[in-house]
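Everything below concerns the one structure shown next.
The values are calculated or read from the model by the stated rules, or taken from the named source; none is laboratory data. From a predicted model like this one, the values you see are computed outputs, not experimental measurements. Don't worry about glycine lacking a Cβ; one is built from the backbone with ideal geometry, like all the others, and counts go over all protein chains shown.
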Amino acid sequence: MSATSTLAMTHLVPLAKDLDENKVTPGVLGFIVFAVIGAAVWLLMKSMNKHMKRVNFEEAPEEPGKAPAAASAEGAKGAKGTKGEERTA
């Protein structure tokens with residue numbers, strides 16, 4: 001430890017010993033903050049479950065004439081070629 005951290009610790013240790021360990025509690029404010037955080041987490045979980053039930057995990061069936069790689073390449077390039085003429089399959 002450096003000299004400044006040692007000096008800081010020597011000044012803080014007597015302050016910590018002045019407090020009675022049996023009387024230090026989080027109090028009402030600590031309970032209220034904890035209860036609000038707990039209620040927020042519960043509401044977020046409830047909302048997440050509602051949204052997850054709406055998600056459709058089934059994939060759309062592929063067209064029989066297209067390969068999976070060709071279908072993704074056509075979707076990325078669009079219906080037009082690089083020079084503006086229409087592409088034909």
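Descriptive notes on the structure:
- Residues considered: Asn22, Asn56. Of these, the only one that is under 24 Å from the mean Cα position of the chain (by Cα) and either surrounded by 10 or more Cβ atoms within 10 Å (Cβ to Cβ) or at pLDDT 75 or above (or both) is Asn56.
- Checked against the criterion of being among the basic types (Lys, Arg) and at pLDDT 60 or above, the candidates Lys77, Lys83, Lys50 yield just one match: Lys50.
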